[in-house]
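What follows is one structure encoded as structure tokens, with my remarks underneath.
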């Protein structure tokens, strides 16, 4: 039995390695004049996502193994900053994709999901009934800026302004560098969980017009607890990108991020029902019927 995504390890970042498949499994080879060639076997079935940085090569067999085990593979820039491409792992069912599409296509339900997201981030009653999305975005901006300034005063770094400029990457301050690096890792984990559930990362409820819209929606639920405080704690770091990745990974062990993502997505898309994860060995493909509903597949229905 393959692990459920909620039980998986979060992410693994690799660069300057060769990844290939041998008779034992998928391994990463690192070569250096001092140590020669070192080999590390990767727990493919237990990884939610792998971030491949510069200098990485991967064979077709290894990539096929990641896809077969449901591991999302992201091709990123140095330090995991900027995602250039991603594989789509095979999903077991479209149950949650169908729920997502129904909620996304209905303007009333879509607004209700957006309200639920804001209330989860900022607490009950913070998204008053009848608020428009523009009003919610305005309230979000005020709260996020206030959170930034509170942490800036706590760490005595003066006034802080969030800035993301890939063209002037090396000139940014350590907090912005650490925040971008940690957010990239967070996006990769959320992307992997969304695909493992069979949902579409493109159909967002707050964000729109981007293939990662739903990823940004879900990732925003956790930034105030995970990435923003971490970034401010690294304000004096000489290597904030690498330290952000390591510290972020260590913090996930206590936060239990993957189970939270799965539970939160299910609750947002279908808040009135308690759902158990399907048994992969019992998941079958049904046939659509507009009168009777889904009927069993794998059956000869001829008279």
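Descriptive notes on the structure:
- Restricted to the stretch 88-121, and to residues there that are at pLDDT below 85 and closer than 30 Å to residue 246 by Cβ, the residue that is surrounded by the fewest Cβ atoms within 10 Å (Cβ to Cβ) is 88.
- Residue match in the stretch 196-219 (condition: within 15 Å of residue 266 (Cα to Cα), buried (at least 19 other Cβ atoms within 10 Å of the Cβ), touching a strand residue (DSSP E or B) at 6+ places or on another chain (Cβ under 8 Å) and assigned by TED's automatic domain parsing to the domain that holds residue 181): yes
- Residue that is at pLDDT below 90, within 30 Å of residue 163 (Cβ to Cβ) and touching a helix residue (DSSP H, G or I) at 6+ places or on another chain (Cβ under 6 Å), where the choices are 85, 127: 127
- Test: residue in the stretch 26-47 that is touching a residue at least 60 places away in the same chain (Cβ under 8 Å), closer than 23 Å to residue 201 by Cα and within 17 Å of the chain's Cα centre (by Cα): no
- The set of residues from the stretch 145-158 being assigned to a helix (DSSP H, G or I) and free of Cβ contacts under 8 Å to residues at least 40 places away in the same chain comprises 145, 146, 149, 150, 153.
- The stretch 275-297, subset modelled with pLDDT of 55 or more and outside any loop (DSSP other than H, G, I, E, B), residue nearest to residue 198 (Cα to Cα): 286
- Restricting 40, 12 to those that are within 17 Å of residue 191 (Cα to Cα), at pLDDT 80 or above and part of a strand (DSSP E or B) reduces the list to 12.
- Out of 231, 193, sole residue that is at pLDDT below 90 and crowded, with 21+ Cβ neighbours inside 10 Å: 193
- Yes/no for residue 150 being surrounded by fewer than 13 Cβ atoms within 10 Å (Cβ to Cβ), under 28 Å from residue 179 (Cα atoms) and either at pLDDT 90 or above or not assigned by TED's automatic domain parsing to the domain that holds residue 227 (or both): yes
- With respect to the conditions (1) surrounded by 17 or more Cβ atoms within 10 Å (Cβ to Cβ); (2) assigned to a loop (DSSP other than H, G, I, E, B); (3) at pLDDT below 75, residue 79 falls short on a single one, namely (2).
The values are calculated or read from the model by the stated rules, or taken from the named source; none is laboratory data. Keep in mind it's a predicted model, so treat the numbers as computed, not measured. Note: ideal-geometry Cβ built from the backbone for every residue, glycine included; neighbour counts use all protein chains shown.
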